[in-house]
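Below is one structure, written out as structure tokens, with a few remarks after it.
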């Protein structure tokens, strides 16, 4: 049995070696953190360090971002008389938008970003002698196909450039002249990319999200830089996205609110028994994310909040309304202006508020009132006292449903 056991172990090692693949991995980091200096910002901010060809000012169009891949290509074939364009200056790049799911491993929430490769740069390195004038036929700035060119770097044995790829699976090339080599090295391969979130980050929950997409690299792959030996056959793009919302509520007005006639107590002298009673306070709201809001009340009146007369069980209904500048009701789509605040029950959920933009310590008034018909019972009982406690609940831990 011992020889059989040894053979079995060797078989496993050989199988693992055959099935392995070589891959380069790029890590892209981005974040959304609201800023009081730019409250209307609703886009992710790229935090990946600049590198690669487009990191040098003036080489690529303004705003083009690139990052080194670590890919290296050996034995690149360059043949001026070959009918195969893969033996010339050549790039086939999958530049299609790819949907990538990012997941927070703790909350298990998922969000989606779209990503595409928009630029590929590469350097041809000749180990001996130097390139002759015109060998590459101005390939860097004048590619054939649907690509855009850039300013090429040319020295004795180096030719380096980047091509800009539109949103499709694109093939671009440029015929070389006076070259017949099969040992050219290609390195300093970098990519530029575009990344977007289909959803407004302000509508996405806090979290540390991660996800990836892998491109096939090499001859006839998704990233094909011509006939050669490729040190890696995959390029894995790992995206890490951080979302850190700001949410805070601070009382600004008085916590003990007295309800009075709109015209003051003088207005009810002379036998007036019905008038609207109201009182107000305020709070400062800082929010960059959706939240729920509802009232918890000491006394109830037919499914809503109420005030109770001391010494009895008699109640009157209390109306609570709030105004929050820059906030919108998810249910109605209307701005939160003098909007009724419900008391949460099994049948009446909290109402959900979405920020139009980041609100930083915005003062928000809240009003408590009793309508004229309901105040009749109060005003016809001189000397009576009506009280109740109201707690406003702001819930930023909403259940997230991916769009």
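The values are calculated or read from the model by the stated rules, or taken from the named source; none is laboratory data. Just so it is clear, the model here is predicted, and its values are computed rather than measured. Positions of Cβ are backbone-derived with ideal geometry, glycine not excepted, and every protein chain shown enters the neighbour counts.
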Practice prompt. Taking the options 101, 107, 112, name whichever one is over 20 Å from residue 173 (Cα atoms), surrounded by fewer than 16 Cβ atoms within 10 Å (Cβ to Cβ) and modelled with pLDDT of 90 or more.
Written response: 101
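Here is a yes/no grid of residues against (1) surrounded by fewer than 17 Cβ atoms within 10 Å (Cβ to Cβ); (2) assigned by TED's automatic domain parsing to the domain that holds residue 200; (3) under 30 Å from residue 201 (Cα atoms):
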| site | (1), (2), (3) |
| --- | --- |
| 298 | yes, no, no |
| 305 | no, no, no |
| 313 | yes, no, no |
| 324 | no, no, yes |
| 334 | yes, no, yes |
| 338 | yes, no, yes |
Worksheet item: In the stretch 340-381, what residues are assigned to a loop (DSSP other than H, G, I, E, B), buried (at least 19 other Cβ atoms within 10 Å of the Cβ) and either on the phi > 0 side of the Ramachandran plot or modelled with pLDDT of 90 or more (or both)?
Response: 341
Fill in: Considering residues of the stretch 301-317 that are modelled with pLDDT under 90 and in a strand (DSSP E or B) only, the residue farthest from residue 367 (Cα to Cα)
301
